[in-house]
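What follows is calculated from the coordinates using simple rules that are stated; it is not laboratory data. Everything numeric here is computed off the predicted structure, so don't read it as measured data. When we count neighbours, we look across all protein chains shown, and the Cβ atoms used for this are built from the backbone with ideal geometry, even at glycine.
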Amino acid sequence: MKEKKIAVLTSGGDSPGMNAAIRSIVRVGIDNGLKVYGVRCGYKGLFEGDYCRLYSKDVADKIMLGGTFLETSRFPGLYEDDIQAEVARKVKEFGFGAVFVIGGNGSLRGAHALSAHGMSSIVLPGSIDNDIAGTEISIGVDTALNTILFAVDRIKDTASSHERTFIVEVMGRHSGWLALMGAIATGADEAIIPECTFDLDALVKKIEKRREDGKKNTIILVAEGAMSGTVLMEKLQGKIPYEVRLTILGHIQRGGSPTAYDRILASRLGRYAVEQYMMGNRNILVGFSGIVQTVLPLERVVNMVKPASTEDLKTVRYLSL
Ligand code: F6P
């Protein structure tokens, strides 16, 4: 017998598209005969019993909103075993068959820890850092990346007008994904990421070589987890005779209306998460890993008809309820 009550919460750093995911869980859940409850402020709200019933109308006009209307928090208390036991006990008392957690690695670890105390969860990856293993992409990543593009494109204009070297610090505590992809997509000249050793001399040589080649500006994206932009600027200033400027993008990257990609991703993951719940699956991360490079001869492709995604039609229909 499946539990009819489920809870949804957002946890850790917010990411654009979380509202779309909540909307999807609520509407697909209701369509599957579930009573859906929204927990305020992440695990903290679960601990404090701060939740309320969500109906279809409560998630209307939310898909385009950044942030999370359920609000979120970082709840260090969850590292403690007795708090975990208390949270799991309350979830049982409230009668939630599972808690749908939308969040990043910390939230995922929290869900895993709670499973040892008997709480069931289904985790949806939501973090701009794109550092969650087990999924190719997470909710919010695309919007954050587009925000970086928007900013760096503008920085490039002024960098080129003034022949300056610009450092742009982007988010990514443990992951250089945003810095790397941001660099590719903006045509920036260097990305400094926590996963790779930083070589100051090589960077200086690169800037000088660019000058020799007639390229007077250089754009460097640095992931905050590799080094702060301020530290990098100090290091560089002592080594090159050219003007260096720094822009720290900060929390701008976490806000804003989600892109079409993030809305679709969040809607799909929400639907998928509820379907998994209905199938009896618990303590899982739902994700996507579909971006595989393929090479096909034209001969084969020329008469191929791209199949319509009936799965996505299901998503559209569910969410229009
Ligand atoms: O976890 C996502 C993230 O955006 C990191 O890239 C960043 O270091 C961190 O959150 C900032 O968190 P807070 O808003 O709590 O300072």
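Using amide H atoms built 1.01 Å from N in the peptide plane, name the residues 5+ places from Ser127, or on other chains, whose amide H lies under 5 Å from its own.
Ile139, Val141
Show me the three semi-axes of the equivalent ellipsoid for the stretch 60-105, from the C-alpha gyration tensor (sqrt of 5 times each eigenvalue), largest first, rounded to whole Å.
25, 15, 8
What per residue convex hull volume, in Å³, do the alpha-carbon atoms of the chain yield?
For the chain, the hull spanned by Cα atoms encloses 161 Å³ per residue.
Using a cut-off of 16 Å between alpha-carbon atoms, which lysines can reach Lys209, once sequence neighbours fewer than 8 places away in the same chain are excluded?
Output for Lys209: Lys239.
Taking all pairs of distinct Cα atoms, average 1/r, flip it, and tell me the Kirkwood hydrodynamic radius of the stretch 142-254 in Å to one decimal place.
It is 13.7 Å.
Excluding residues fewer than 8 places away in the same chain, name every one of the lysines whose C-alpha is closer than 20 Å to that of Lys5.
Filter leaves Lys35, Lys44, Lys57, Lys90, Lys92.
Given the stretch 39-185, what whole percent of its Cα pairs are spread farther than 18 Å?
Counting every Cα pair in the stretch 39-185, those more than 18 Å apart make up 64 percent.
If we count every other residue with Cβ under 11 angstrom of Met171's Cβ, Lys/Arg +1 and Asp/Glu -1, where does the sum land?
Within the 11 Å Cβ shell, the charges total -2.
About its Cα centre, what dipole magnitude does the stretch 142-254 give when the only charges are +1 on Lys and Arg Cβ and -1 on Asp and Glu Cβ, stated in debye to the nearest 20?
Around 180 debye, computed over the stretch 142-254.
In nm, to one decimal, how far is the modelled label at Asp153 from the one at Ala185, with both set 7 Å along Cα→Cβ?
In this crude label model, Asp153 to Ala185 measures out at 1.1 nm.
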